[in-house]
Each structure stands twice: as structure tokens, then as C-alpha cells.
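Single-structure report; data block below.
The values are calculated or read from the model by the stated rules, or taken from the named source; none is laboratory data. In this text the structure is predicted, and so the values were computed from the model without any measurement. Note that each Cβ is placed from the backbone with ideal geometry, even for glycine, and that neighbours are counted across all protein chains shown. When the accessible area is computed, the model is the full protein with side chains, heavy atoms only, and any ligands, DNA or RNA have been set aside. Shrake-Rupley method; radii C 1.70, N 1.55, O 1.52, S 1.80 Å.
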Amino acid sequence: MKFNDIFSFLVPKESKFFPMIKQEGEYCYQAACLLTEFFNYGTDHEKTKEMYGKIKEFEMKGDHLVEEIYRELNDTFITPFDREDIHDLCENLDDVLDFITSSAKRTMMFQPRHIPKRMHGLADNIKQGCEAIKIALESLNGVSKHPAVALEQCNRLHELEHAADDIYEQFITDVFVEYADNSVELIKLKEIMYELEKATDKAKNVGKAIKSIIVKYA
């Protein structure tokens with residue numbers, strides 16, 4: 001064992017990162033739950049405006065928390081995982097929140113005539129993904145000894161992203177037929193769906209970041 005490894009073993013590692021990272025995952029999940037509810041209100045502009053405000057609150061809380069984690073990374077001598085891994089994980093968590101919020105924002109601003117079934121499908125996919133993230137992050141503290149739970153959820157995120165790709169590709173195929181004579185509505189729906197699909201991509205990236213930690217520490 002190298003001297004640095006012995007030194008790192010003897011110096012207690014800061015555990016404050018675990019509750020903060022878990023909290024960021026909770027913000028993602030709560031925002032995703034609100035997003036599915038948001039789309040259930042369809043074209044009720046006043047209600048979707050209200051729901052967007054609630055989603056935005058979680059995004060702002062998430063932004064503040066990620067900044068706090070970054071500050072702690074700079075000020076903490078020994079971290080539970082590599083700084084780069086914590087930074088990468090939190091950056092992707094922040095991106096998930098950003099795309100959840102931006103999809104709701106575009107829907108509120110564009111006011112599409114109706115919410116397609118596949119839009120509900122992607123919103124539900126995001127919710128399932130954020131649930132998987134939440135479960136994986138809750139097990140992160142003991143991942144070096146018990147990686148199975150986190151790894152299972154990472155695999156689930158990978159599968160969900162593939163399913164999201166299928167939903168998005170079928171939507172694109174259908175929307176150009178259904179709205180061939182209404183380019184404005186087509187653009188509105190395509191922009192919203194793009195933001196939703198990006199949220200699923202970022203959720204998969206969270207899984208990759210967690211897997212990277214598992215490979216190093218399990």
C-alpha cells in the first residue's frame with residue numbers, strides 16, 4: 001500500500017457530501033413528479049403556469065445546492081470519492097433538473113393545442129428515471145460494500161433511455177404526418193419533446209457517473 005493510500009485511510013473522509021447529493025436527487029424526483037402532473041392539465045394555461053412555478057422552485061433549490069457542493073469540494077481536504085466524480089455526478093443531476101424545467105417552460109410559453117400521448121410517455125419515463133436516480137443515490141454511502149442496488153438502478157436508467165429514444169423517434173415520425181399542414185404547432189411540439197428527450201439523456205449520464213464511482217470503489 002502506498003503512503004498516500006495509508007494517509008487517506010487514516011484521515012476520516014467528510015460524510016457531508018452524501019446527504020447533499022441525496023437531496024439533489026430528491027429535488028430531481030420531486031420536479032419529475034410535478035412534470036407528469038403538469039402535462040395532465042393539458043391546455044389549462046393558468047394551471048400549467050402555476051405548476052411551472054413549482055417546478056422552477058426545485059430547479060433553483062437544486063442550483064443552490066450544487067453550488068454549495070462545489071464550494072465544499074474546494075474546501076474539503078479528503079472527499080469520499082474523487083472530486084472529479086462528485087463534480088460530474090452533480091453536474092448531470094443539475095442538467096436533469098434544467099431540462100425538466102425547460103420542457104415545462106416551453107409548454108407554458110408555446111401553449112400547444114393539445115398534449116400528445118407520447119409527451120405523457122416521455123414525462124413518465126423521466127419520472128421513472130428520477131426514481132431510479134433517487135434509489136441509487138440513497139445507496140451511495142455504502143456502495144463500496146454493497147454496490148448491487150446502485151448498479152441495478154444504473155442499468156434501469158440505461159433501459160429507460162433506450163425506451164425514451166423509441167418514444168421520441170416514433171413521435172417525430174407521426175408529428176410530421178399529423179401536422180403537415182400546421183408547421184407552427186409542429187415546431188411547438190417538437191421543441192417540447194426535444195427538451196424532454198434531453199432530460200432522459202442526462203438521467204442516463206447520471207447512471208454513468210454512478211457506475212464510474214462503483215468501478216473505482218466497489
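Return yes or no: is Thr107 in contact with an Asp or Glu (Cβ under 8 Å, 6 or more places away or on another chain) and open to solvent by less than 70 Å² (accessible area, probe 1.4 Å)? Show your work before the answer.
Details: in contact with an Asp or Glu (Cβ under 8 Å, 6 or more places away or on another chain): no; open to solvent by less than 70 Å² (accessible area, probe 1.4 Å): yes.
No; evaluated as a whole, the condition is false for this residue.
Scanning region 120-159 for residues being of a type in the set (Ser, Thr, Tyr) and within 17 Å of Asn92 (Cβ to Cβ) gives a total of 0.
In region 141-169, the residues that are among the small types (Gly, Ala, Ser) reach residues that are at pLDDT below 95 and crowded, with 20+ Cβ neighbours inside 10 Å with C-beta atoms within less than 7 angstrom, at least six apart or across chains, in these pairs: Ala150/Leu140; Ala150/Val143.
Quick one: is Glu67 open to solvent by 40 Å² or more (accessible area, probe 1.4 Å), touching a helix residue (DSSP H, G or I) at 6+ places or on another chain (Cβ under 8 Å) and either at negative phi or part of a helix (DSSP H, G or I) (or both)?
Details: open to solvent by 40 Å² or more (accessible area, probe 1.4 Å): yes; touching a helix residue (DSSP H, G or I) at 6+ places or on another chain (Cβ under 8 Å): no; either at negative phi or part of a helix (DSSP H, G or I) (or both): yes.
No; evaluated as a whole, the condition is false for this residue.
For Met119, the stated conditions do not hold, so it cannot be described as of a type in the set (A, V, I, L, M, F, W, C) and free of Cβ contacts under 8 Å to residues at least 12 places away in the same chain. Among residues belonging to region 41-63 that are touching a residue at least 12 places away in the same chain (Cβ under 8 Å) and more than 21 Å from Asp95 (Cα to Cα), point out the one that is surrounded by the most Cβ atoms within 10 Å (Cβ to Cβ). Within region 41-63, the match that is surrounded by the most Cβ atoms within 10 Å (Cβ to Cβ) is Thr48. Name every residue in region 175-199 that is more than 28 Å from the chain's Cα centre (by Cα) and either crowded, with 19+ Cβ neighbours inside 10 Å or not hydrophobic (A, V, I, L, M, F, W, C) (or both), in order of residue number. Correct list: Glu178, Tyr179, Asp181, Asn182, Ser183.
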